[in-house]
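Okay, structure first, notes after.
The values are calculated or read from the model by the stated rules, or taken from the named source; none is laboratory data. Just so it is clear, the structure is predicted and the values come from calculations on it, not from any experiment. Virtual Cβ from ideal backbone geometry, glycine too; neighbours counted across all protein chains shown.
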Amino acid sequence: MSSDTGEKEAKGLLRLPGLSEIKKSCQRLWERGELLRALFRGATDPFVLPLPRIPSRTLLDRFGEVQDWSRSLAAAAREGSSFRIEWRTVAHRQLGQQRLPGAVVFADATECLRFLGREKASARFLAAARKAVDAFPETAGWILERPLELYDCQEEIDALLTVLRHFRESSPDGRYLRQLDIPGVDTKFVEGRKALISGLLDRILPLGRVRQEHSGARGFAARYGLAEKPPLLRFRLLDPALFVGGYSDLGVRVSEFAANRLPVRRVFVVENEINGLALPDMQESLVIFGSGYAVDRLFAVSWLSGVEIFYWGDLDTHGFAILDRIRSGLPTVGSFLMDRETLLSNRELWVEEPTPFEGELSHLHPSEEEAYRTLREHVRGGRGVRLEQERIPYGRVLAALEEICGQ
């Protein structure tokens, strides 16, 4: 808590903080975790909240108000508000010596917590923290770094410790999380607290049990040796002669798609689902429904290197970034309707691209580079333009496909 300066002081606009402002200052200490951190450490240091220094002119112009403020703070301290006032004496040319509040002092974190009405809940936090450290001493550092996270789940401490014991005492061995039998804990409990549990597992498991290259909620399974949900690839066969058991539109595991080469010579990768569904019949062809930046999953499909591949995405900076990514692993990938002429001839169909891609792309062909450069030239104030692929007239799409099939 500090004084205003400059013009505000000169005009006598200095705010004299009352109990509500003091509480806000304590709340900020809470939100930074400082109070729980001190409680956990057993620190007995006082928490000192400096009060604003009263400039001489303000003291003269608002003398009565300052006196009332001083008396109200003194009364609050006497009435058991968990703090005491630290006074300072100032010499004033006209008013003589004046005794003014200099700081609000809480004896320790417990008193500050009591002032905030969090004393009982914080005592439960401390009990949970001690239970965690008794079971796993390695968690002490985590508690000091993230005390509010433990505070929020203090009622669940027994279940959390059960989960930690299970992971430390038995390896998941490539099983799904659903296959783990953790006494008294269902797997939904773990699913809903992956970030919290991950932070604790990183502390208690040996380094060899944590795969550092995986992180976040999506990487939880791989990070700790669990089986991951297999990625699926959706594709549509465009040649009725190739339908599988009468099915044309299928979703399969990427590993299965990679292991079973289909008798096609042409593959399209299309981002927009409706566009993929609207592609006409074509002999020995299929369309893969794209998945944005996850196109690199196609790199595991080795047989794709032996067929013609064409990518069609939105005419925006991210569309070209995705094209660049897929071509980094499958160099022969071509594109269609991703050129400057298509972009400019449909200017009336442009919409805004809120967050354009700003990186350098090294796998674009010259016509694609021209279109990408044109898009970058239209970026203003962090926003750009885009031509979404579903806005391109369908007749133009059919013409592009006919050109490809006639090659």
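If you go through region 221-230 one residue at a time, do you hit one that is more than 30 Å from Ile274 (Cβ to Cβ), surrounded by 14 or more Cβ atoms within 10 Å (Cβ to Cβ) and free of Cβ contacts under 8 Å to residues at least 12 places away in the same chain?
So far as region 221-230 goes, yes, one or more of its residues are more than 30 Å from Ile274 (Cβ to Cβ), surrounded by 14 or more Cβ atoms within 10 Å (Cβ to Cβ) and free of Cβ contacts under 8 Å to residues at least 12 places away in the same chain.
When Phe115 is evaluated against the numbered criteria (1) closer than 30 Å to Val48 by Cα; (2) modelled with pLDDT under 95; (3) surrounded by fewer than 17 Cβ atoms within 10 Å (Cβ to Cβ), which criterion, by number, is the only one it fails?
(3)
Just for region 76-99: of the residues that are out of contact with any strand residue (DSSP E or B) (no Cβ under 7 Å at 6 or more places or on another chain) and not in a loop (DSSP other than H, G, I, E, B), which one is modelled with the lowest pLDDT?
Across region 76-99, the extreme among qualifying residues is Gly96.
Restricting attention to region 67-110, report how many residues are over 17 Å from Pro52 (Cβ atoms), surrounded by fewer than 16 Cβ atoms within 10 Å (Cβ to Cβ) and touching a helix residue (DSSP H, G or I) at 6+ places or on another chain (Cβ under 8 Å).
Qualifying residue count for the region: 3.
Can you tell which of Leu144, Leu200, Leu161, Leu205 is more than 15 Å from Lys131 (Cβ to Cβ), buried (at least 17 other Cβ atoms within 10 Å of the Cβ) and assigned by TED's automatic domain parsing to the domain that holds Ala128?
On inspection, the qualifying residue turns out to be Leu205.
Here's a check for you: in region 358-398, which residue that is touching a Pro at 6+ places or on another chain (Cβ under 8 Å) and assigned to a helix (DSSP H, G or I) is farthest from Gly292 (Cα to Cα)?
Within region 358-398, the first condition is being touching a Pro at 6+ places or on another chain (Cβ under 8 Å), and the residues that meet it are 363, 375-376, 379, 382-384, 398.
Filter again for assigned to a helix (DSSP H, G or I), leaving 375-376, 398.
Details: Leu375: 19, Arg376: 20, Leu398: 23 Å.
The qualifying residue farthest from Gly292 (Cα to Cα) is Leu398.
Go through region 150-166 and count every residue that is touching a helix residue (DSSP H, G or I) at 6+ places or on another chain (Cβ under 6 Å) and of a type outside the set (A, V, I, L, M).
Counting residues in region 150-166 that are touching a helix residue (DSSP H, G or I) at 6+ places or on another chain (Cβ under 6 Å) and of a type outside the set (A, V, I, L, M) gives 2.
What residue, of Leu232, Leu262, is at pLDDT 95 or above, farther than 18 Å from Arg168 by Cα and over 20 Å from the mean Cα position of the chain (by Cα)?
Leu262
Go through (1) under 30 Å from Ala127 (Cα atoms); (2) assigned to a helix (DSSP H, G or I) and name the single condition Leu73 misses.
So the condition that Leu73 fails would be (1).
Count, please, the residues in region 315-336 that happen to be crowded, with 20+ Cβ neighbours inside 10 Å and in contact with a Pro (Cβ under 8 Å, 6 or more places away or on another chain).
2
Table: residues versus (1) farther than 17 Å from Ile309 by Cα; (2) in contact with a strand residue (DSSP E or B) (Cβ under 8 Å, 6 or more places away or on another chain); (3) of a type in the set (A, V, I, L, M, F, W, C); (4) not in a helix (DSSP H, G or I).
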site: Ser328; (1), (2), (3), (4): no, no, no, no
site: Pro331; (1), (2), (3), (4): no, no, no, yes
site: Leu337; (1), (2), (3), (4): no, yes, yes, yes
site: Glu348; (1), (2), (3), (4): yes, no, no, no
site: Pro356; (1), (2), (3), (4): yes, yes, no, yes
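Please indicate, with yes or no, whether at least one residue in region 247-258 is part of a loop (DSSP other than H, G, I, E, B) and either at pLDDT below 95 or of a type in the set (Asp, Glu) (or both).
Filtering region 247-258 down to residues part of a loop (DSSP other than H, G, I, E, B) leaves 248.
With the extra rule that they be either at pLDDT below 95 or of a type in the set (Asp, Glu) (or both), the set shrinks to none.
Taking every residue of region 247-258 in turn, none turns out to be part of a loop (DSSP other than H, G, I, E, B) and either at pLDDT below 95 or of a type in the set (Asp, Glu) (or both).
Quick check on region 284-312: of everything there that is at pLDDT 95 or above and part of a loop (DSSP other than H, G, I, E, B), which residue is farthest from the chain's Cα centre (by Cα)?
Glu284
Determine whether Ile22 is under 30 Å from Leu144 (Cα atoms) and either crowded, with 17+ Cβ neighbours inside 10 Å or at pLDDT 95 or above (or both). Please lay out each step first, then the result.
Numbers: under 30 Å from Leu144 (Cα atoms): yes; either crowded, with 17+ Cβ neighbours inside 10 Å or at pLDDT 95 or above (or both): yes.
Judged against the criteria, Ile22 is a match.
For the structure I just gave you, tell me whether Trp312 is surrounded by fewer than 18 Cβ atoms within 10 Å (Cβ to Cβ) and under 24 Å from Gly406 (Cα atoms).
For Trp312, the condition - surrounded by fewer than 18 Cβ atoms within 10 Å (Cβ to Cβ) and under 24 Å from Gly406 (Cα atoms) - is not met.
Is it the case that Leu238 is outside the structural domain of Glu273 (by TED's automatic domain parsing), surrounded by 15 or more Cβ atoms within 10 Å (Cβ to Cβ) and either touching a Lys or Arg at 6+ places or on another chain (Cβ under 9 Å) or among the small types (Gly, Ala, Ser) (or both)?
Judged against the criteria, Leu238 is not a match.
Per-residue answers, yes or no, for (1) loosely packed, with under 10 Cβ neighbours inside 10 Å; (2) of a type in the set (Lys, Arg); (3) modelled with pLDDT of 95 or more:
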| position | (1), (2), (3) |
| --- | --- |
| Met338 | no, no, yes |
| Leu343 | no, no, yes |
| Glu348 | yes, no, yes |
| Val351 | no, no, yes |
| Glu360 | yes, no, no |
| His365 | no, no, yes |
| Glu368 | no, no, yes |
| Ala371 | no, no, yes |
| Arg380 | yes, yes, no |
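Limited to region 231-246, what total is found for residues that are without any contact (Cβ under 8 Å) to a residue 40 or more places away in the chain, more than 26 Å from Ile404 (Cα to Cα) and assigned to a loop (DSSP other than H, G, I, E, B)?
Of the residues in that region, 2 qualify.
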